[in-house]
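Working notes for the structure below.
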Amino acid sequence: MNTLATRYPVLDAQMHRFGFWAAIVVLASGVIAMFLPLDVPNGFAADHADRILWLSANKGAFIAGWVNQIVAMVSLSGVFFAMAWLIGDKNPLRAVLAALVVLLSVVAFIIPKFMAVWTIPALAQAVSSGAAGSELADSLLRLLNVSVPFSLYTSFDYLGFWLYAVFGLLVVVPLFGQTATTKVAAVSLGLFGLGFHALLAAYWMGAVAPADIEGYFLWPSVLLLIAVIAIVFYFKKAGNTP
């Protein structure tokens, strides 16, 4: 049978190793994230003035936390890209669409995360120092609040998660029938895709209040972690990674 693996054996092995190491970086960045702050404590309820003071005093840790988020996001997208390669034999059209969706998700995620490491610290510094344009900076800082689930900033993040949900629905069927580990990954991604879209429908119908978006929409992300943990074993074996 003429498959991607037989036609491109070197590339196939490289994709497996790429998927393995990308998954390892995802897991490592998840551990690091537990020790780095992403916003002022109790960020959603924190006073705006307290947030500015915190950002000014913790600029380095804040930037480091979001740089780690960029690494995690890019690595997770790499895992998904390698998964898209896996289904190329069974359904090449879905593989291409899934890869395109992953690339779009990188664009959606990188915009707010770059704002976190570039724009937000600069805005906080301008406001706290009373520099020229501080009034404009204060208004922009409110729009780019990383903890408010309905801010302009977080809208990009939820767009990225929606694209992950679309990816999950695209790959669930062709990924399911390969091995036990790919089955676990496929089910996890499929559940994430279905769950996220169900929550989106509930939000549109008014069943989820804007203030409760984070509590409802972020918990399914655990399914993405399960998918990564499952698929790392497949990539390790398929790529003969030591």
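Taken as a whole, the structure places ILE226 among residues that are surrounded by fewer than 18 Cβ atoms within 10 Å (Cβ to Cβ), within 20 Å of the chain's Cα centre (by Cα) and part of a helix (DSSP H, G or I).
Evaluate the range 31-48: report whether one residue or more is in contact (Cβ under 8 Å) with a residue 24 or more places away in the chain and out of contact with any helix residue (DSSP H, G or I) (no Cβ under 8 Å at 6 or more places or on another chain). No, the conditions are met nowhere in the range 31-48. Considering the range 6-17, the residues that are surrounded by fewer than 17 Cβ atoms within 10 Å (Cβ to Cβ) and among the hydrophobic types (A, V, I, L, M, F, W, C) include one that is modelled with the lowest pLDDT, namely VAL10. Can you confirm whether ILE63 is surrounded by 16 or more Cβ atoms within 10 Å (Cβ to Cβ), in contact with a helix residue (DSSP H, G or I) (Cβ under 9 Å, 6 or more places away or on another chain) and modelled with pLDDT of 95 or more? Judged against the criteria, ILE63 is a match. Contact map, the range 69-95: first residue touching a residue at least 40 places away in the same chain (Cβ under 8 Å), second residue in a helix (DSSP H, G or I) and polar (S, T, N, Q), Cβ cut-off under 6 Å, separation 6 or more or different chains; pairs are VAL71/SER29; ALA72/SER29. For the range 112-141, which residues satisfy the criterion of being under 29 Å from ALA165 (Cβ atoms) and buried (at least 16 other Cβ atoms within 10 Å of the Cβ)? Matches in the range 112-141: PRO112, LYS113, MET115, ALA116, VAL117, THR119, ILE120.
Among the residues making up the range 66-106, those that are outside any helix (DSSP H, G or I) and buried (at least 19 other Cβ atoms within 10 Å of the Cβ) are ILE87, GLY88. In the range 49-59, the residue that is nearest to SER147 (Cα to Cα) out of those that are in contact with a helix residue (DSSP H, G or I) (Cβ under 9 Å, 6 or more places away or on another chain) and not polar (S, T, N, Q) is ARG51.
Of the candidates ALA180, ALA185, ALA202, ALA165, the single residue that is surrounded by 18 or more Cβ atoms within 10 Å (Cβ to Cβ) and either more than 17 Å from the chain's Cα centre (by Cα) or farther than 30 Å from ILE120 by Cβ (or both) is ALA185.
If you go through the range 26-54 and pick out every residue that is exposed (fewer than 13 other Cβ atoms within 10 Å of the Cβ), in a loop (DSSP other than H, G, I, E, B), hydrophobic (A, V, I, L, M, F, W, C) and at pLDDT below 90, you end up with 1. Considering only residues that are more than 20 Å from the chain's Cα centre (by Cα) and hydrophobic (A, V, I, L, M, F, W, C), look in the range 168-177 and name the one that is surrounded by the fewest Cβ atoms within 10 Å (Cβ to Cβ). Looking at the filtered set, the residue picked out is VAL173. Here LEU159 fulfils each of the conditions (1) closer than 22 Å to PHE18 by Cα; (2) hydrophobic (A, V, I, L, M, F, W, C); (3) within 16 Å of the chain's Cα centre (by Cα) apart from (1).
The values are calculated or read from the model by the stated rules, or taken from the named source; none is laboratory data. All values reported here derive from a predicted model rather than from experimental measurement. Positions of Cβ are generated from backbone atoms using ideal geometry, with glycine treated the same way; all protein chains shown enter the neighbour counts.
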